[in-house]
2 protein chains.
Amino acid sequence: MITVKNIFENFQAEIKEEYFEDLISTGNFKLERIVSQGHSSPENFWYDQDKNEFVLLVSGSAELEFENESSIQLKPGDYLIIPPHKRHRVSKTDSSQKTVWIALHF
Amino acid sequence: MITVKNIFENFQAEIKEEYFEDLISTGNFKLERIVSQGHSSPENFWYDQDKNEFVLLVSGSAELEFENESSIQLKPGDYLIIPPHKRHRVSKTDSSQKTVWIALHF
C-alpha cells in the first residue's frame, strides 16, 4: 500500500515554533518540509551551510537575505539553489498564513 | 548572484506534450519538474522504475493507478514515495488547468 500525505496538513491554526520535518534522508541528500508563520532568522545570524540547498516555496511568502546583497522576495512556486557557504538568512515570512517550503540539501 | 525561477512559469496557455525538465541531476538523484494538462499514460502502459520516486503534486489534480490496486486521487500538496518496480501509471490529469509536479528519483 502506498501512503499519501499532504504538505499542508497536520498543523494547528497557529504554530509557535518554526517546523522542520525530514521527509527523506539518505547518505547523499536530505529532503525536508519546513513550515513558517511570521518566523525569521535571528538578527545578525547567517546560515553558512556545507551543502547545496534547493529551496521551493510552495505556499505563503518570504524574504531571503544574502550577505552583502539585496533581499529577495519569494512567492509560491519560486525556487532557487543556495550554494555551499553562501551566507543567508530568512529575514521575513508571512505572519497571516503559513509558509510551506520544500528544501533539498545535497 | 542567486537566480530565482518559478515552477509555474514559462508555459504557453496550452501545452500539447507533457513537459519534463531536470532541475538537478547528480549521480545520486534527479529532481524533475513535470507539467501535465489532461495527459495520461497510454492505456495498459505501466511505469516500472529501478529507483524510488518521491512525487509532490504542487498544483492541479491527478489520478494515479497502481497495478492490482484501487486508484489514488491527488490534490495540491499531496506527496508519496513510489518504491522501485511498483508498477503504476498516471490515469488522469486535470484538463482545465496545469498540473505541476516535483519528482525526485533516488
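The values are calculated or read from the model by the stated rules, or taken from the named source; none is laboratory data. Nothing here was measured: the structure is a model prediction, and the numbers come from that model. Using ideal geometry, Cβ is built from the backbone for each residue, glycine included, and neighbour counts are taken over all protein chains shown. Protein only, heavy atoms only, side chains kept; ligands, DNA and RNA dropped before computing areas. Shrake-Rupley method; radii C 1.70, N 1.55, O 1.52, S 1.80 Å.
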Of (1) part of a strand (DSSP E or B); (2) over 30 Å from A:R87 (Cα atoms), B:D50 satisfies all except one. Which?
-> (1)
Of the residues in region A:11-36, how many are touching a strand residue (DSSP E or B) at 6+ places or on another chain (Cβ under 9 Å) and in a loop (DSSP other than H, G, I, E, B)?
-> 4
Any chance A:G38 is touching a residue at least 24 places away in the same chain (Cβ under 8 Å) and closer than 29 Å to B:K75 by Cβ | yes
Out of (1) free of Cβ contacts under 8 Å to residues at least 40 places away in the same chain; (2) facing another protein chain (nearest Cβ under 9 Å); (3) open to solvent by less than 60 Å² (accessible area, probe 1.4 Å), what's the single condition that is false for A:G27?
-> (3)
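Let's see how each residue does on (1) more than 14 Å from chain B (Cβ to nearest Cβ); (2) under 30 Å from B:P83 (Cβ atoms); (3) surrounded by fewer than 17 Cβ atoms within 10 Å (Cβ to Cβ):
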residue: A:E65; (1), (2), (3): no, no, no
residue: A:D78; (1), (2), (3): no, no, no
residue: A:H85; (1), (2), (3): no, no, yes
residue: A:S96; (1), (2), (3): yes, no, yes
Extreme residue, farthest from B:H105 (Cα to Cα), among residues of region B:16-51 that are more than 12 Å from the chain's Cα centre (by Cα) and among the small types (G, A, S) | B:G38
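Does region A:1-12 include one or more residues that are polar (S, T, N, Q) and closer than 26 Å to B:T26 by Cα?
Checking region A:1-12: not a single residue is polar (S, T, N, Q) and closer than 26 Å to B:T26 by Cα.
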